[in-house]
Amino acid sequence: MPVTPPVTPPVTLPARPQASSAGTAVPAPPPYRWRVALLLVRPLARAIDWGPLVVVAAFTTGLVSLVEYGQALAGGDALVLMRVCGTLLGAAAAFGLVDAMSADLGAAAVPRWVRQALRCLLPGGAAIAIWLAAFSSLLTRLPEGALFPVGDLLIEAGVCLGIALAAAATAVRFAPGRQAAMAAVVVQLAMVLGTILLPEQVRLWPPTCGFGYWDQAHLFWLAMLPLPYLWLTIAGRDLRR
């Protein structure tokens, strides 16, 4: 008795963008865009200027390892180290938005904001990973019972990183390459230094964990955290809209 082979159901591939009669590309459907976005990760990772982040990572490693080498590290000194590392890592991550592929590509299959999001996630994620590694290393050198809350310090670092990325996303609209990244670094450092110069009553960088106005300062940092990323979202919009 003949056996009927199983029927394979048809596979529907995601639609590709088609060009209209006027030469304007018709936007691709979301599933296709996200597949293309994932395919962009490798070329973007190659295009990004990782040099500044590598240099800052090496500096951070040396700073965390060599300061008061072989001795217990005071909590206040550890705070300063982590804040310096967070600021510098954020500035280095800004160079991820200004490589040769950062210009608007016209009728691309993936919207500009998706490309910019990937361009922020790659160096930004690396910067946070390096910061967490430095934090873990410092924990092993603190005295017994020292307060060193990762959440509050990570919020500080997140604000610094967001300012640098948002400033770079804005500057790259007006200047190409490292000029835009350097402008972002200047903006970030100016804003950080501005907070250091505030009166002691409203100082945002308490010298030790659990200090009198520690909770109030970090409530402010938490409230400020969404602002640079909102700025980043607006700056990453398509240049043609």
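The values are calculated or read from the model by the stated rules, or taken from the named source; none is laboratory data. Quantities reported herein were computed from a predicted structural model and do not represent experimental measurements. Positions of Cβ are generated from backbone atoms using ideal geometry, with glycine treated the same way; all protein chains shown enter the neighbour counts. Note: areas computed on protein heavy atoms with side chains; ligands, DNA, RNA excluded. Shrake-Rupley method; radii C 1.70, N 1.55, O 1.52, S 1.80 Å.
Selection over region 109-137 of residues that are over 28 Å from Val187 (Cβ atoms) and either of a type in the set (Lys, Arg) or not in a loop (DSSP other than H, G, I, E, B) (or both) gives a count of 2. Considering region 139-241, the qualifying helices (runs of 4 or more DSSP H), each wholly inside and each with 3 or more residues that are under 30 Å from Ala47 (Cβ atoms), run over 150-171, 177-196, 226-235. Contact map, region 149-171: first residue modelled with pLDDT of 95 or more and polar (S, T, N, Q), second residue assigned to a helix (DSSP H, G or I) and surrounded by fewer than 20 Cβ atoms within 10 Å (Cβ to Cβ), Cβ cut-off under 6 Å, separation 6 or more or different chains; the map is empty.
Can we say Arg35 is among the basic types (Lys, Arg) and at pLDDT 80 or above? Answer is no for this residue.
Name every residue in region 195-219 that is open to solvent by less than 90 Å² (accessible area, probe 1.4 Å) and either in contact with a strand residue (DSSP E or B) (Cβ under 8 Å, 6 or more places away or on another chain) or among the hydrophobic types (A, V, I, L, M, F, W, C) (or both), in order of residue number. Before the answer, list the steps.
Of region 195-219, the ones open to solvent by less than 90 Å² (accessible area, probe 1.4 Å) are 195-196, 198-199, 202-214, 217-218.
If the condition is that a residue be open to solvent by less than 90 Å² (accessible area, probe 1.4 Å) and either in contact with a strand residue (DSSP E or B) (Cβ under 8 Å, 6 or more places away or on another chain) or among the hydrophobic types (A, V, I, L, M, F, W, C) (or both), then Ile196, Leu198, Val202, Leu204, Trp205, Cys209, Phe211, Trp214, Ala217 are the ones that fit.
Screening region 42-58 for residues that are farther than 12 Å from Ala126 by Cβ and within 15 Å of the chain's Cα centre (by Cα) and picking the one that is least open to solvent (accessible area, probe 1.4 Å) gives Leu44.
Being modelled with pLDDT under 95, of a type outside the set (Gly, Ala, Ser), open to solvent by 10 Å² or more (accessible area, probe 1.4 Å) and outside any helix (DSSP H, G or I), is that true of even one residue in region 71-85? Yes, the conditions are met somewhere in region 71-85. Looking only at region 178-187, decide whether some residue is surrounded by fewer than 24 Cβ atoms within 10 Å (Cβ to Cβ), among the β-branched types (Val, Ile, Thr) and modelled with pLDDT under 90. Checked region 178-187: no residue is surrounded by fewer than 24 Cβ atoms within 10 Å (Cβ to Cβ), among the β-branched types (Val, Ile, Thr) and modelled with pLDDT under 90.
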